[in-house]
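Chemist: My questions will all concern the structure given below.
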Amino acid sequence: MSLDSISLTAIRKELINIFKKSKIINIFQTKKYKIIFEVKPIRALLSDNISKKRKTFYIHISVNPSLSEIYFSESENDKEAISSPFLTLLQNHLIGGKILDIKHPDFDRILHFIIHPYLKFGQTQNKILIAEFMGKHSNLILLKENNIIEGSIKLVTSKINRYREIIPGKLYTPPPPQNKSNPLKINKKDFINIFYSCNDRDLSFWQLLQNNFKGISQQSAKEIIFQAKLSPEENVLKVSQNELELLWLSFDRIIENIKNHNFHPAVFLDPLSKKIKTHSIIDSVQFPQYNKLSFNDANSCLKYLFTELEKERDILSLKNKIDNIINKNVVKAKNKINVYQKKLKEVKNCEKYKLMGELIKSNLGHIKRGDREITTINYYSPNQENITIPLNNKFTPLQNAQFYFKKYRKTKDSFKIIFEQLNKDKLKFAQLTKLQKLYKQDSNSLPNLIKIYNNLEKLGFTKKIKTTIKKRKKGENKLLPSKYISKDGWEIYVGKNNQQNDFLTLRFASGNDIWMHVKIIKGAHVIIKNKGNKQTPPLSTLIQAANLAAYFSKAKKENKVLIDYTLKKHVKKPKNAKPGMVTYSHEKSLLIKINPREIRSIISQSNH
């Protein structure tokens with residue numbers, strides 16, 4: 001159920017129709033790979049079937065490797081929000097901005113959101129948010145207008161992908177070009193030649209279509225063949241001229257429908273379980289065994305698909321949790337009940353310890369130290385039978401009597417505690433049995449599962465999950481440097497710890513950027529980004545950057561500070577040097593007096 005380019009073509013058109021020039025009100029992150037944009041469209045663009053009274057909508061984008069998503073809704077998301085460095089980046093740059101356009105380049109599985117940021121001061125450049133829906137390589141990337149990466153939901157270093165690094169400061173490189181044709185631009189002659197030029201004896205019809213056309217999923221490739229009334233598994237080397245004609249007619253018809261946005265969105269359900277098996281944006285004939293649920297538009301179809309699949313995942317996850325909790329606690333309760341029942345039997349026999357103590361006391365003259373037992377008449381029994389009492393050969397006769405009296409008192413005192421604990425565990429077992437019965441009655445209802453889980457929490461069988469916003473893990477934001485804009489419009493970046501300094505200087509900065517540091521004293525690395533063509537920043541920008549370098553250093557309280565600056569290409573890191581440690585050459589120096597007002601002015605206008 002992957003998002004192919006047919007689905008992206010359909011949803012892009014609907015997104016543009018409603019959200020072109022819409023304002024981004026807020027941005028949330030609900031899962032590791034899911035971002036939600038709260039947007040306010042222009043009322044005039046709202047269609048008749050969408051409530052014009054609704055002020056805001058929510059665009060959902062997920063680049064989860066197992067299931068990518070894109071759709072919009074009129075209702076707020078009910079999931080708890082989380083935080084991340086990428087979310088902070090999006091919020092800083094895009095809140096208040098307007099969606100100018102959404103592009104779908106070359107029918108690939110990629111969408112480009114062109115966003116004009118909110119004008120804070122001076123001129124501002126457009127931002128490009130790229131959503132790549134490519135399975136395990138899916139990503140969400142924010143670019144400047146010049147295609148320089150500002151951040152991404154997944155960082156991809158050279159260790160992961162040599163061809164294509166996705167890290168801040170790098171030039172964005174599109175996914176590797178595939179040797180595939182754009183199905184929207186193919187003609188009949190080229191289509192047929194694909195079959196004639198194929199020499200692979202093991203290739204089937206659907207594999208050939210998927211291998212040669214961009215954005216066509218396995219399901220869509222098979223649909224083209226099914227609508228030609230042929231078998232998708234038929235070998236391409238056995239294709240006849242008549243079959244090629246049928247294939248072209250089917251292919252051309254479907255492609256024309258895509259070009260004209262003539263879609264027939266549907267979700268296909270298992271007739272017994274009612275669970276989703278697949279979906280299709282184009283008219284589909286290959287699933288007669290399933291129940292078909294049709295929709296008026298692509299968004300309604302995708303929204304239903306993804307929300308229902310999320311419910312199914314939530315149900316499965318909750319079922320596994322409930323199963324584990326109930327089974328674990330049932331076993332625990334049973335074991336405790338068995339233990340306490342055994343202890344209770346011992347406690348009920350506590351009078352015999354008192355009897356043994358009395359009989360030993362009555363026979364002190366007949367017992368010697370070192371004896372291991374004594375057999376005597378039970379004077380307290382009507383039958384006056386003999387009784388054998390075990391002795392500790394290391395104790396005196398009196399100590400043996402005291403031992404049994406002590407055991408009697410201890411056992412008698414514990415009777416109440418054991419009895420109460422046994423009843424508690426029996427109650428727990430009864431509660432678990434009741435919840436287990438309720439669970440088995442309807443284990444596929446999410447409200448029922450939530451109710452059972454809440455009861456398990458309330459009764460103390462599992463710890464209550466905190467619903468507060470998830471705190472950032474320690475060190476999660478270590479690599480993200482602070483960004484400032486000088487009065488002349490130059491970008492200044494400041495590293496505020498050793499990890500940030502290394503990242504900023506060694507991975508983020510380019511060769512012709514200006515690098516700054518307080519001379520000799522420990523402090524921040526500061527980068528002034530070059531604007532291209534080896535432009536030199538004005539003196540006022542150098543002074544502002546130098547102020548930041550001094551302010552974020554050990555020399556912060558000094559009267560005057562000497563700042564070294566050079567091009568980043570003259571900065572090197574010695575082998576095995578500690579984080580933040582570098583050497584540099586070709587430097588010049590600025591002697592400055594820290595200006596607190598200047599510092600406050602820069603920080604107040606910061607993008608971070």
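The values are calculated or read from the model by the stated rules, or taken from the named source; none is laboratory data. Worth saying up front: this structure is predicted, and the values here are computed from it rather than measured. So basically every Cβ, Gly included, is an ideal-geometry build from the backbone, and we count neighbours across all protein chains shown.
Chemist: Of the conditions (1) surrounded by 21 or more Cβ atoms within 10 Å (Cβ to Cβ); (2) in contact with a Gly (Cβ under 7 Å, 6 or more places away or on another chain), F72 satisfies every one except a single condition; which number is it?
Modeler: Single failed check for F72: (2).
Chemist: Right, here's the next one. When the residues of region 289-308 are narrowed to those that are surrounded by fewer than 19 Cβ atoms within 10 Å (Cβ to Cβ) and closer than 16 Å to S273 by Cα, which ends up modelled with the lowest pLDDT?
Modeler: E308
Chemist: If you go through region 284-299 one residue at a time, how many are free of Cβ contacts under 8 Å to residues at least 40 places away in the same chain and touching a helix residue (DSSP H, G or I) at 6+ places or on another chain (Cβ under 9 Å)?
Modeler: So the count comes out to 3.
Chemist: Is there a residue in region 520-539 that is more than 25 Å from the chain's Cα centre (by Cα), part of a helix (DSSP H, G or I) and either of a type outside the set (F, W, Y) or modelled with pLDDT of 85 or more (or both)?
Modeler: Yes, region 520-539 has at least one match.
Chemist: Moving on. Is at least one residue of region 117-129 under 24 Å from L208 (Cβ atoms) and either β-branched (V, I, T) or in contact with a Leu (Cβ under 7 Å, 6 or more places away or on another chain) (or both)?
Modeler: no
Chemist: As an exercise: evaluate A44 against (1) modelled with pLDDT under 90; (2) among the hydrophobic types (A, V, I, L, M, F, W, C); (3) not in a helix (DSSP H, G or I) and give the number of the one condition it does not meet.
Modeler: (3)
Chemist: Let me ask you something else. Is it the case that some residue within region 557-575 is within 30 Å of V156 (Cβ to Cβ) and at pLDDT below 85?
Modeler: Checked region 557-575: at least one residue is within 30 Å of V156 (Cβ to Cβ) and at pLDDT below 85.
Chemist: Hey, another quick one. Quick check: anything in region 334-343 under 30 Å from L446 (Cα atoms) and assigned to a helix (DSSP H, G or I)?
Modeler: Within region 334-343, one or more residues are under 30 Å from L446 (Cα atoms) and assigned to a helix (DSSP H, G or I).
Chemist: Could you tell me which residue of region 550-608 is farthest from the chain's Cα centre (by Cα), considering only residues that are basic (K, R) and within 21 Å of D513 (Cβ to Cβ)?
Modeler: Once the filter is applied, the top-ranked residue is K588.
Chemist: Here's another thing I want to ask about it. How do the helices (runs of 4 or more DSSP H) wholly within region 170-273 filter down when requiring 3 or more residues that are modelled with pLDDT under 90 and closer than 22 Å to T9 by Cβ: which remain?
Modeler: By residue number, no helices (runs of 4 or more DSSP H) qualify.
Chemist: Which residues, taken from region 215-247, are basic (K, R) and surrounded by fewer than 19 Cβ atoms within 10 Å (Cβ to Cβ)?
Modeler: Result: K229, K238.
Chemist: Which of the residues that make up region 323-353 are over 18 Å from K424 (Cβ atoms) and of a type in the set (S, T, N, Q)?
Modeler: N324, N327, N349
Chemist: Okay, next question. Got a number for residues in region 59-90 being in a loop (DSSP other than H, G, I, E, B) and in contact (Cβ under 8 Å) with a residue 12 or more places away in the chain?
Modeler: The number of residues fulfilling the criteria is 14.
Chemist: Going by the conditions given, is N448 surrounded by 13 or more Cβ atoms within 10 Å (Cβ to Cβ), closer than 14 Å to K352 by Cα, touching an Asp or Glu at 6+ places or on another chain (Cβ under 8 Å) and not β-branched (V, I, T)?
Modeler: When the stated conditions are applied, N448 does not pass them.
Chemist: Quick check on Q500: is it more than 30 Å from L344 (Cβ to Cβ) and modelled with pLDDT of 85 or more?
Modeler: yes
For (1) at pLDDT below 85; (2) in the same structural domain as F403 (by TED's automatic domain parsing); (3) of a type outside the set (V, I, T); (4) out of contact with any helix residue (DSSP H, G or I) (no Cβ under 8 Å at 6 or more places or on another chain), each residue gets a yes or a no:
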residue	(1), (2), (3), (4)
V347	yes, yes, no, no
K354	no, yes, yes, no
L359	no, yes, yes, yes
G365	no, yes, yes, yes
R369	no, yes, yes, no
T376	no, yes, no, no
P382	no, yes, yes, yes
T388	no, yes, no, yes
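Chemist: Suppose we keep only residues that are surrounded by 12 or more Cβ atoms within 10 Å (Cβ to Cβ) and in contact with a helix residue (DSSP H, G or I) (Cβ under 7 Å, 6 or more places away or on another chain) within region 248-260. Which one would you say is farthest from I281 (Cα to Cα)?
Modeler: Once the filter is applied, the top-ranked residue is W248.
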